[in-house]
Amino acid sequence: MNLHSSFTYRKVVDRGMALVCALFFALAFIPLLSVLWLVISKGAAGLSWSFFTQLPKPVGEVGGGVGNALLGTLFMVGLACLIGLPLGVGAGVFLAEKGDGTVGRSVRFMAEVLSGVPSIVVGIVAYALVVIPMGHFSAIAGGVALAILMIPTLARATEELVRVVPASLREASLALGVANWRTSIRVVIRTAMSGIVTACLLAVARAAGETAPLLFTALNNQYWNTDPRQPTASLTVAIFNYAISPYDDWHAKAWTAALVLLIVVGLLNIASRVLTRSRLKGAR
Amino acid sequence: MSPAPAVQIMPPEKPVPMVSAPQQQPPLAPEPETPFKVEVQDLNVYFRANHAIRHVTLGVKPQTVLAVIGPSGCGKSTFIRALNRMHDLVPGARVEGRVFVDGEDLYARGIDPVLLRRRVGMVFQRPNPFPTMSIYENVAAGLTLNGIGGNHAEIVEHCLRQAALWDEVKDRLRHAGTSLSGGQQQRLCIARALAVEPEVLLMDEPASALDPIATAKIEELIHELKEKYTIVIVTHSMQQAARVSDNTAFFYLGELIEMGPTAQIFTNPRERRTEDYVTGKFG
C-alpha cells in the first residue's frame, strides 16, 4: 500500500517536472521565434535578386540593394578568419597540450578576460591600432577588430575540445610507436576536429553579426569595394544606418538586410553540420 | 613490510613450460646466458613521493605468457606500463632501474621511446579504437601514422585474422571502429597493436570490460599469439591467469612477492601472502 502510494507520488512528480521543463522550453523559445517571425514577416517582402546584387539607392528611389554590404561583410569576415582562426585554434591547442605552465596559465587568463570585453571596446582598440596609423577607415581595420573578437573565445573553445579527447586515445597512439607531436596532430586534434570546425563557424557567425567594432573601423561605403585599404560597407552597419533613418522605405530595407544576415548565419550553421558529419558508417 | 626488497629471479636454466611452441622458430634472444626476452632489474617507479613499484626484478622468456596478478592498487598496471615507457608522459612519474628487451636497456640514454614502443606493443584495459577512423584505418593506424609503407591491405587482413576478427568485419572494413561491440573493439585494438609487428605484447587487463564470451575469445587469442610473441598480461582474474599464462607474478603493495610457473603459484606457492591471495583470503 505504502509502496503503491509512493509509486503514484513519484509518477505525479515525474509528470509535473516534465511539464515544468516543457514550459520553460516554450518560454525560451518565444524570443527566438518572435525574432524569426518579425524578421521574416517584415523583411521577406523586400527580398529579390537585385537586393543581393545591387548598390543602395538614394532615398525615395525604388529598388537598390545591399550587394556591396553583403560582399563587404563576407570580405571582412574572411579577413578576420585569415587572422583569427589560425591564432585562436593554435592558441587553444597550445593551451590544451602545453598549457599547464606559467605561460599557459597567463595566456588562459588573458583569453578569459578578453572574451568578456565588450565588442565596442575591441572596436576602439582596432581604431587605435590600425585606423589611426593608416590615417583612414579600412576593411583591414574591420577584419582586425573582428579577429580580436574571435580569438579568445575560439582559443578557449578549442582548448576544451582538445582536452576532452580521452587520454586513452593518446596512449593508444603512443603505444603504436607514434611520435608525440604526430600523435597530437593526427590523433588528438583529429578527434577534436569536428568540434573545432563547429567552434570556428560559430565564431565566424558571431563575427558576421557584429556592428559595434565595425562602426569606427571599416565605417561604411556606398560603392563596391574590394580594396582592403578602403572603408567598406557591411550588412550590420547597413542595417544600423537604415534602421536609424527617418524613412519608411529604409526601415523596410533594414528588415530585409537583417533577413539576409540571418540567412548568412543560418547557412554557416548548416555548413558546420555538413562539414562535421562523420564520413564513417555506424559512427556514433 | 620488511625493508628488504622482495626479489625473485627466475632461474635461467629452469625450463619454462611452453605449450605447443613451434620448433622451427629460432630462439629470439641472442646470448645463451640471457634467455629472457624481457628482463627487469631492480625496477622502481615513483609518482612524486609515492613509491609505487619497489625493487622489482624478474624475467620473461620468449614466447611465453607472464600473468601479473595482485589486489587492486598493487602496482600491476604501473609495472607493465614501465615496460614500454608509458610513464614518460605522466608528470611527476620517475622510473629507476633497468628494463632489458633482448638485452637492450630501455631506460639507457639515447634510447628513443618512440622506436621502443614499436617493439613493445600494448593493449589497454578499455578498448580504445580511434573514433575518427574506420575498422581498416584503425588496424593500419600504426603504419599510416608512422609513415610505414607496404601492402597495408594485406597486413590489415593478416592482423585481423590473427585477432580472430576478420570473419566478423571483412564486409564492413569502412565502418567506424567504434561501431563494433566491446569485445570486437578489443580484438580490433589487438589487431592494431599487431600491425606494427611488436616482439612483446603488453596487455593491461584486456578482458576486464568484456563479457565471458568475448573474454574466452581474447584468451583463446592469447594462446595463439604466444607462438609468435612474448606476452605480459595484467589480470584481475586468477582463473584467467591460470588459463592463459606459463608463469605468474604476484604483486602486493608495489612489491613482487613471488614469481614462478603458474601451476606452482596456484597450487604450491612459497609465500604465505601469495597463498592467501590465490585462495581468496584477501584481495
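The values are calculated or read from the model by the stated rules, or taken from the named source; none is laboratory data. Values in this document were obtained by computation on a predicted structure and should not be read as measured data. Don't worry about glycine lacking a Cβ; one is built from the backbone with ideal geometry, like all the others, and counts go over all protein chains shown. Accessible surface is based on the protein model in full, side chains and every heavy atom, while ligands, DNA and RNA are left aside. Shrake-Rupley method; radii C 1.70, N 1.55, O 1.52, S 1.80 Å.
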Handout entry: When each of B:K228/B:K281; B:K37/B:K76; B:K76/B:K281; B:K61/B:K281; B:K76/B:K228 is checked by Cα-Cα distance, pairs over 28 Å
Key = B:K228/B:K281; B:K61/B:K281
Exercise for the section: Given a cut-off of 26 Å, name the pairs among A:K281/B:K170; A:K281/B:K226; A:K98/A:K281 whose C-alpha atoms lie farther apart than that in the structure shown. Expected result: A:K281/B:K226; A:K98/A:K281
Fill in the blank from the handout: Buried accessible surface, B vs A, both sides, probe 1.4 Å, in Å² to 100, equals 2300 Å²
Handout entry: Electrostatic dipole magnitude of the range B:38-278 [Cβ: Lys, Arg +1; Asp, Glu -1; Cα centre; debye, to 20]
Key = 460 debye
Exercise for the section: With a Förster radius of 30 Å, plug the Cβ-Cβ distance of B:R98 and A:M110 into 1/(1 + (r/R0)^6) and report the FRET value to the nearest 0.05. Expected result: 0.10
Handout entry: Test item: B:136-143 mean partner chain Cβ contacts at 10 Å
Key = 2
Practice task
Could you check which residue among A:M17, A:M150, A:M76 shows the biggest mean-square fluctuation in a GNM of chain A with a 10 Å Cα cutoff?
Solution key: A:M17
Problem - Extreme residue, positive dipole direction of the protein assembly as shown, given options B:M86, B:F266, B:T215 (C-beta unit charges) - result: B:T215
Completion exercise
With the convex hull built on the alpha-carbon atoms of chain B, volume per residue in Å³ sits at 142 Å³
Practice task
Could you state, as a whole-number percent, how many of the C-alpha pairs of chain A are farther apart than 36 Å?
Solution key: 33 percent
Fill in the blank from the handout: Counting other chain Cβ atoms within 10 Å of each Cβ in B:173-182 and taking the mean gives 3
Problem - Angle in degrees between helix B:212-225 and the longest Cα principal axis of chain B, rounded to the nearest 10 - result: 80 degrees
Practice task
Partner chain Cβ atoms within 10 Å, averaged over the residues of B:60-69 - can you pull that number for me?
Solution key: 0
Practice task
Using a 10 angstrom cutoff on alpha carbons, build the Gaussian network for chain A and name the most mobile of A:W37, A:W255, A:W224.
Solution key: A:W37
Completion exercise
For chain A, whose charge dipole is built from +1 on Lys and Arg Cβ atoms and -1 on Asp and Glu Cβ atoms, the candidate among A:G78, A:V187, A:F216 with its Cα farthest towards the positive end is A:V187
Handout entry: DSSP bridge pairs, the range B:38-278: antiparallel proportion in percent, nearest 5
Key = 55 percent
Completion exercise
The answer for B:A67, listing residues at least 5 apart or on another chain whose modeled amide H is closer than 5 Å to its amide H, is B:I233, B:D246, B:N247, B:T248, B:A249
Exercise for the section: Towards the positive end of the charge dipole of the protein assembly as shown, with charges on Cβ (+1 Lys, Arg; -1 Asp, Glu), say which of B:S134, A:L149, B:L173 has the farthest Cα. Expected result: A:L149
Exercise for the section: Would you grab the residues whose amide H sits under 5 Å from the one on B:G97? Only those 5+ places off in sequence or on another chain, please, with H modelled 1.01 Å from N. Expected result: B:N44
Fill in the blank from the handout: One can check that the equivalent ellipsoid of the protein assembly as shown, built from the alpha-carbon gyration tensor with semi-axes equal to the square roots of five times its eigenvalues, has lengths in Å, largest first, of 62, 27, 23
Practice task
Work out from phi, with θ = phi - 60° and the Karplus expression 6.51 cos²θ - 1.76 cosθ + 1.60, the ³J(HN,Hα) of each residue of the range A:239-247, listed in order in whole Hz, and give x for Gly and Pro.
Solution key: 4, 4, 5, 5, 5, 8, 6, x, 9
Problem - Only Lys, Arg (+1) and Asp, Glu (-1) charged, at Cβ; the range B:157-230 dipole about Cα centre in debye - result: 280 debye
Practice task
Within the set of other residues whose C-beta is less than 10 Å from the C-beta of B:E199, count the net charge using Lys and Arg as +1 and Asp and Glu as -1.
Solution key: +2
Practice task
Work out the FRET efficiency for B:D112 and B:E154 from their Cβ-Cβ distance, taking R0 = 25 Å, and round it to the nearest 0.05.
Solution key: 0.35
Practice task
Net charge near B:I222: determine it from the other residues with C-beta under 12 Å of the C-beta of B:I222, scoring Lys and Arg +1 and Asp and Glu -1.
Solution key: 0
Problem - Debye log10 I(q)/I(0) for the range B:137-283, one point scatterer per Cα, at q = 0.09, 0.22 Å⁻¹ - result: -0.34, -1.35
Handout entry: Check: the protein assembly as shown dipole with +1 on Lys, Arg Cβ and -1 on Asp, Glu Cβ, in debye
Key = 1080 debye
Exercise for the section: Using a cut-off of 11 Å between beta-carbons, work out the net charge of the residues near B:Q41 (Lys and Arg +1, Asp and Glu -1, B:Q41 not included). Expected result: -3
Exercise for the section: Hey, could you get me the Stokes-Einstein D for the range A:235-284, Kirkwood radius over alpha-carbon pairs, 25 °C and 0.890 mPa s, rounded to whole µm² s⁻¹? Expected result: 190 µm²/s
Problem - chain B: most fluctuating residue of B:I213, B:I222, B:I80 per GNM, C-alpha cutoff 10 Å - result: B:I213
